[in-house]
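S.K.: Dropping a structure here in structure tokens format, bear with me for questions.
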Amino acid sequence: MNEKNNSPHFGVGGITLLTVLLVLSLTMFAVLTLSSAQADMRLSEKNARAVQEYYIADTKAVSLQAQAAALWPSGQVLPPLDYMQNTLNMNYDLALSTRDNGLMFFCDIPINNKGQTLQLALYLAPPENPVRWRIEQWQFVPPLVEIWDEPVLPVWQEIFN
Amino acid sequence: MKKSNSRSALFLGEIVLALLIFSLSSAVCVGLLFRAYHISEASSELNQSIFYAQNAAEVFKAQPDIEKVAAILGGEIQSGKCYVYYDKNWVQTKEQRTVFTLLISPSAEAYTTYAKINISKGAAAVFELVAAVYQEDGVL
């Protein structure tokens with residue numbers, strides 16, 4: 001009778017089972033916390049890269065403004081468009097046209113390789129104007145999604161009489 | 001009686017083994033949690049740095065005069081550069097109590113003024129970007 005009273009309450013193996021359960025749950029929560037923190041960090045790094053890429057594109061746009069203004073300094077007539085286009089020699093699409101004695105610049109500066117661009121429409125006034133640039137568009141444009149004009153579904157065409 | 005002793009010894013051994021396994025795994029888990037905490041802190045610091053750097057960049061683009069930028073951001077001018085000091089909670093503070101430092105270094109070319117914006121924690125750089133703005137004369 002005494003022997004029975006002195007015997008452990010859980011029995012052999014119970015403690016091990018409890019420990020295994022505790023260890024498993026503790027490890028699971030620790031790994032989940034770590035993976036969540038790492039995911040947050042990856043997101044922050046992506047955000048940082050996106051912001052830096054945007055400002056690089058923005059700086060390229062300002063550089064275009066500076067180069068174009070330098071090509072048409074005060075006291076000179078508007079240089080030919082071909083000359084402007086070739087001299088600016090930007091590594092992105094640039095279209096020029098004349099308007100109101102000045103020049104219009106249209107270009108899409110790529111922000112990254114995902115198709116995001118900085119779309120510009122800028123007007124360069126003649127050198128005698130006190131303010132030379134007028135910004136008509138300076139816009140972040142997300143990548144275009146292909147839209148089907150006429151969706152064609154493979155439906156059965158036969159008509160029963 | 002012998003049977004009881006052997007069972008007690010087995011039970012004691014099991015408890016000791018369980019405690020050993022539990023303490024080992026606890027140590028590993030505390031290590032993982034500590035690492036997660038540090039990654040989370042770094043992530044939060046990076047997010048805040050991006051926000052403050054963008055804010056400084058847009059202030060500069062709107063007003064490309066380093067003294068005016070310093071006045072707007074509440075910074076100090078030292079040898080032509082603007083320094084803004086923040087404590088660990090990103091509240092503006094004095095240089096002696098700084099944890100994060102926002103540094104704006106301007107430079108100019110013809111028709112363009114640049115600002116290199118750095119955010120650092122101690123000596124370590126956290127985030128940086130370069131902002132540019134067109135200027136008719138291109139001087140500060």
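The values are calculated or read from the model by the stated rules, or taken from the named source; none is laboratory data. For clarity, every value in this text was computed on a predicted model and none was experimentally measured. Backbone-built Cβ (ideal geometry, glycine too); neighbour counts: all protein chains shown. Note: areas computed on protein heavy atoms with side chains; ligands, DNA, RNA excluded. Shrake-Rupley method; radii C 1.70, N 1.55, O 1.52, S 1.80 Å.
S.K.: Cβ contacts < 6 Å: first residue farther than 14 Å from A:LEU17 by Cα, restricted to the stretch B:4-25; second residue in a helix (DSSP H, G or I) and of a type in the set (A, V, I, L, M), any location; separation 6+ or different chain. Result?
M.R.: Sorted first by the residue in the stretch B:4-25, then by its partner, the pairs are B:SER25/A:VAL23.
S.K.: If you scan the stretch B:34-47, which residues turn out to be crowded, with 17+ Cβ neighbours inside 10 Å and under 30 Å from A:VAL20 (Cβ atoms)?
M.R.: B:ALA36, B:ILE39, B:SER40
S.K.: Return the residue satisfying two criteria in turn: it lies in the stretch A:64-81 and is open to solvent by 30 Å² or more (accessible area, probe 1.4 Å) and facing chain B (nearest Cβ under 9 Å), and of such residues it is nearest to the chain's Cα centre (by Cα).
M.R.: Result: A:GLN67.
S.K.: Could you tell me whether any residue of the stretch B:48-60 is more than 30 Å from A:VAL62 (Cα to Cα), of a type in the set (A, V, I, L, M, F, W, C) and open to solvent by less than 40 Å² (accessible area, probe 1.4 Å)?
M.R.: Scanning the stretch B:48-60 turns up no residue that is more than 30 Å from A:VAL62 (Cα to Cα), of a type in the set (A, V, I, L, M, F, W, C) and open to solvent by less than 40 Å² (accessible area, probe 1.4 Å).
S.K.: Residues that are closer than 18 Å to B:PRO64 by Cβ, modelled with pLDDT of 95 or more and of a type in the set (A, V, I, L, M, F, W, C): find the strands (runs of 3 or more DSSP E) completely inside the stretch B:74-115 holding 2 or more of those.
M.R.: So the answer is B:81-86, B:100-109.
S.K.: Out of B:SER23, B:SER8, B:SER49, B:SER43, report the one residue that is touching a strand residue (DSSP E or B) at 6+ places or on another chain (Cβ under 6 Å) and in a helix (DSSP H, G or I).
M.R.: B:SER49 is the lone residue from the list that is touching a strand residue (DSSP E or B) at 6+ places or on another chain (Cβ under 6 Å) and in a helix (DSSP H, G or I).
S.K.: Would you check if there is a residue in the stretch B:81-88 being touching a strand residue (DSSP E or B) at 6+ places or on another chain (Cβ under 6 Å) and within 11 Å of chain A (Cβ to nearest Cβ)?
M.R.: Checked the stretch B:81-88: no residue is touching a strand residue (DSSP E or B) at 6+ places or on another chain (Cβ under 6 Å) and within 11 Å of chain A (Cβ to nearest Cβ).
S.K.: Give the number of residues within the stretch A:93-118 that are farther than 20 Å from A:ASN129 by Cβ and either β-branched (Val, Ile, Thr) or exposed (fewer than 14 other Cβ atoms within 10 Å of the Cβ) (or both).
M.R.: Going through the stretch A:93-118 one residue at a time, the tally reaches 8.
S.K.: Sticking with this one: Within the stretch A:119-142, track down each residue that is open to solvent by less than 60 Å² (accessible area, probe 1.4 Å) and either in a strand (DSSP E or B) or over 20 Å from B:TYR111 (Cβ atoms) (or both).
M.R.: Within the stretch A:119-142, A:GLN119, A:LEU120, A:ALA121, A:LEU122, A:TYR123, A:LEU124, A:TRP133, A:GLN137, A:VAL141 qualify.
S.K.: Could you please let me know if B:ALA71 is closer than 30 Å to A:THR27 by Cβ, open to solvent by 60 Å² or more (accessible area, probe 1.4 Å), more than 7 Å from chain A (Cβ to nearest Cβ) and assigned to a helix (DSSP H, G or I)?
M.R.: So B:ALA71 does not fit the description; no.
S.K.: State all residues of the stretch B:108-121 that are within 12 Å of chain A (Cβ to nearest Cβ), without any contact (Cβ under 8 Å) to a residue 60 or more places away in the chain and either farther than 17 Å from A:ILE56 by Cα or open to solvent by 30 Å² or more (accessible area, probe 1.4 Å) (or both); if no residue qualifies, say none.
M.R.: Across the stretch B:108-121, the qualifying residues are B:ALA108, B:GLU109, B:ALA110, B:TYR111, B:TYR114, B:LYS116.
S.K.: Using the structure shown, decide if B:ALA57 is assigned to a helix (DSSP H, G or I) and in contact (Cβ under 8 Å) with a residue 40 or more places away in the chain.
M.R.: yes
S.K.: OK, next. Any residue in the stretch B:2-22 that is buried (at least 19 other Cβ atoms within 10 Å of the Cβ) and within 22 Å of B:ASN89 (Cα to Cα)?
M.R.: There is no residue in the stretch B:2-22 that is buried (at least 19 other Cβ atoms within 10 Å of the Cβ) and within 22 Å of B:ASN89 (Cα to Cα).
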